[in-house]
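Step one of this worksheet: look at the structure below.
All of the numbers you see were taken from the coordinates with simple rules; none came from a lab. Source: prediction; values computed, not measured. Neighbour counts run over all protein chains shown; Cβ positions are idealised from the backbone, glycine included.
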Amino acid sequence: VESIKNGEFPLWNPYQFSGHPFFANPQHAILYPLNGLFFLLPFDVAFNAIIILHFFLGGLFTYLLLRDLKVGSTGSLISGLIFMLSGYLLSVHSLLNCLLSVIWTPLIMMFFRRSVLHPGFKNEILTAVFISFSFLGGGIEIVYGNFWVLLVMVIFSPQLNPSSPPSVSSRADFTKGGLGGLWRVVRRVRSLVIVCVFFLFLSAIQLIPFLEL
């Protein structure tokens, strides 16, 4: 923060070992958007405000995911509170790279689910944007986990209306060798590939130095 305020981008840390790349390590979260609070508030205030803000966002995003799954407002609120006050989230309050990354998982799931149910670039781009936020937060293992979640969603994707019986056309698809089901899987894989391409593009400014490091 001090380096940037003094007009010097922190590419290098001269105080560790005999010098060490700084920006190339995504755990420092230099490009994470919400870390802009460090430039608006005193450092100690901003540090604590970011922790509290991300607990609140974790609960809010979980609430939005459950509402998108057609869960009632009470159930969604309880789910958000459970995630916000979960043992895991409380345990990473001092591991900012994990906290900053994991709270985006509910939004990633929500928009990818929408892209599966209603294919279109809007939801795929939004999914990639939130995965990029998760990556810029510095929790690399969280990003790996997010992609595993999306892969599971590709394999076990919900239908548009799971409670309704299959239509005559969908029954016909399965009686014709399961071509309808195969096509749905192909469409989901296509959505995941598009998300990955947009993610690589959006995160390249941090991803390329990280790969080099």
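Give me the distance between the Cα centres of the stretch 42-59 and the stretch 125-144, rounded to whole Å.
The stretch 42-59 and the stretch 125-144 have Cα centres spaced 18 Å from each other.
How big is the dipole moment of the stretch 1-139 about its Cα centre under a simple scheme where the beta carbon of each Lys and Arg is +1, that of each Asp and Glu is -1, and everything else is neutral? Debye, nearest 20, please. Kindly include the intermediate steps, with their values, before the conclusion.
On the way: 6 positive and 5 negative charges, 106 e Å.
Charge dipole, the stretch 1-139, about its Cα centre: 500 debye, nearest 20.
Could you compute the net charge surrounding residue 123? Neighbours are other residues with a C-beta less than 14 Å from the C-beta of residue 123; K and R count +1, D and E count -1.
+4
Report the calculated FRET efficiency for residue 20 and residue 151 (r = Cβ-Cβ distance, R0 = 35 Å), to the nearest 0.05.
0.55
Which is the longest part of the chain that has none of the trypsin sites (Lys or Arg not before Pro) sitting in a DSSP loop with at most 15 other Cβ atoms within 10 Å?
Longest site-free region, per DSSP loop and neighbour criteria: 71-175.
In the stretch 106-145, which residues have a backbone nitrogen under 16 Å from the label point lying 7 Å from residue 11's Cα in the Cα-to-Cβ direction?
What the label zone holds, given the 16 Å backbone N cut-off, is no residue at all.
Could you work out the relative contact order of the chain, using alpha carbon pairs under 8 angstrom and six or more residues apart, expressed as a whole percent?
23 percent
In Å, what Kirkwood hydrodynamic radius results for the stretch 28-163 from the alpha-carbon pair distances? Intermediate values should be presented prior to the final figure.
Numbers: mean 1/r = 0.0641 Å⁻¹.
Computed over the stretch 28-163, the radius equals 15.6 Å.
So if each residue of separation counts as 0.36 nm, and I subtract the Cα-Cα distance between residue 56 and residue 70, what length gain in nm does that give?
Roughly 2.9 nm would be gained on extension.
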